[in-house]
1. From the list 20, 63, exactly one residue is in the same structural domain as residue 305 (by TED's automatic domain parsing) and in a helix (DSSP H, G or I). Which is it?
2. Looking only at the stretch 315-335, which residues are closer than 22 Å to residue 9 by Cα and open to solvent by 20 Å² or more (accessible area, probe 1.4 Å)?
3. Just checking, which of 288, 256 is in a helix (DSSP H, G or I), more than 16 Å from the ligand (Cβ to nearest atom), out of contact with any Ser or Thr (no Cβ under 7 Å at 6 or more places or on another chain) and more than 23 Å from residue 77 (Cβ to Cβ)?
4. For the stretch 216-253, how many residues are away from the ligand (no atom under 16 Å from the Cβ), open to solvent by less than 20 Å² (accessible area, probe 1.4 Å) and not in a loop (DSSP other than H, G, I, E, B)?
5. Counting only residues that are buried (at least 24 other Cβ atoms within 10 Å of the Cβ) and either part of a strand (DSSP E or B) or modelled with pLDDT under 95 (or both), how many does the stretch 259-285 have?
6. Looking for whichever is within 16 Å of the ligand (Cβ to nearest atom) and among the charged types (D, E, K, R) here; the options are 363, 357. Which one fits?
7. Could you check the stretch 188-215 and list, in sequence order, the residues that are within 16 Å of the ligand (Cβ to nearest atom), polar (S, T, N, Q) and within 12 Å of residue 155 (Cβ to Cβ)?
8. Return the residue satisfying two criteria in turn: it lies in the stretch 286-303 and is open to solvent by 40 Å² or more (accessible area, probe 1.4 Å) and free of Cβ contacts under 8 Å to residues at least 60 places away in the same chain, and of such residues it is farthest from residue 319 (Cα to Cα).
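The values are calculated or read from the model by the stated rules, or taken from the named source; none is laboratory data. Nothing here was measured: the structure is a model prediction, and the numbers come from that model. Glycine also receives a Cβ, built like all others from the backbone with ideal geometry; neighbour counts cover every protein chain displayed. With ligands, DNA and RNA removed, areas are computed over all heavy atoms of the protein, side chains included. Shrake-Rupley method; radii C 1.70, N 1.55, O 1.52, S 1.80 Å.
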Amino acid sequence: MKYIKKKFFIEGIKVRNLAKKFRTPIYCYSYKRLKENINNFKKNFKNLKPIICFAVKANANLKILKEINKFGLGADVVSLGELEKVLKAGIQPKKIVFSGVGKTSEELSFAIDKKILLINTESRSEILEIERIAKRKKRIVNIGIRLNPNTDAKTISQISTGKKQDKFGVTEKYFLELVKYVKNSQYIKLKCISVHIGSQILNHQPYLKMLKVVDRVIKKTNYKFEFIDLGGGMGIPYGKKIKSLNYKRYSSTIKKTLKKHKAKIIFEPGRSIIGNTAILVSKVIYIKKGINKNFVIIDSAMNDLMRPALYGVEHQIIPESKNNNFTKKTYDFVGPICESTDTFLTSKKFQKLYEKDLIIISDVGAYGMSLSSNYNVRPKPAEILIKGRKINIIKKRQKLKDLI
Ligand SMILES: *Cc1c(COP(=O)(O)O)cnc(C)c1O
């Protein structure tokens, strides 16, 4: 993804042509970026020989899941829908873990039938439910138990999951009790200790703290876990000045802290695999004068990309065609939806924009389309995957008639 003669390209395709052909807004993915991210992840964690399970909630496009499967990754799913989708994408059950605080009997039953690698449980009640289903089906089910390590991930509070007040996992004390209980179960085999402390983690420190807790808890259980599932959460730079998480350092700390337990490491990365692979191409509908700023009203809205409205985070916005004619005006990029949070970015330094210009919202591959909705009866955008000079429509734009 780069400018060639002032026009923005994804691989060999001029974004302007995509917008002309498929209209806006459109999500456009780069296959090359996806491949680079996966290879980079594999390379940096090579010394751990981990099982890498893509967190499907970051992006559930079937074609993307098929590509991810081709790279040999497994999947981390959090609902029956996601589980059915990854199976359809061809991901082998033996590479699938099922996470989440509230799996229903129906979901558990299906997962048990499919013989997936692990069901990562989060409460005694869930374990008892699995036991009932397993007994009925005369099966032995492999599970993990998710520990809440009470570690502050130092990320935005809405996506922090590992502090004691968070709903996820079980406390250390409760974990030890559950291990004791499951050890004697006829129908459940405890295979894994799992943690996931949050998302968009850029700092090494929270991971270090988490690993120390995992190490201590394993020692206390005196139990031989076959797997240690460290979850995902690796952050990516959403702006130029931000540094991404140092994988190498994380990897060597894992080795140092957990090697003695001789367990297989599982990762569940979502954002770090898919986040920077996509852009959202939008068109300026109107430009309106405000007090001390101009509102740039674009044809994408919070229903297409919810992260700014949901978490108050920023995605960089860049022009599709550069004109190097900077305005002194502050631009507020906003969507057409009737909510004040339907605002993308305030930019103090942007080139002069005109109505009908195209703009590009960056790094929308993760939690972009997967969080989109039909709010305001707006159809969901199309998704396009670019491979070199090849354009693949991987999801058609929703038709209004399907919503009415
Ligand atoms: C959301 C989630 C992930 C993925 O998080 P990323 O920040 O996208 O890497 C992994 N595991 C669990 C249990 C999750 O809930």
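1. Going through 20, 63 in turn, just one is in the same structural domain as residue 305 (by TED's automatic domain parsing) and in a helix (DSSP H, G or I): 20.
2. Once the filter is applied, which keeps residues that are closer than 22 Å to residue 9 by Cα and open to solvent by 20 Å² or more (accessible area, probe 1.4 Å), the stretch 315-335 yields 316, 318, 321, 322, 323, 324, 325, 326.
3. Just a single option satisfies the conditions, and that option is 256.
4. Residues in the stretch 216-253 being away from the ligand (no atom under 16 Å from the Cβ), open to solvent by less than 20 Å² (accessible area, probe 1.4 Å) and not in a loop (DSSP other than H, G, I, E, B): 4 in total.
5. 7
6. The conditions single out 363.
7. Within the stretch 188-215, 199, 200, 203 meet the criteria.
8. 291
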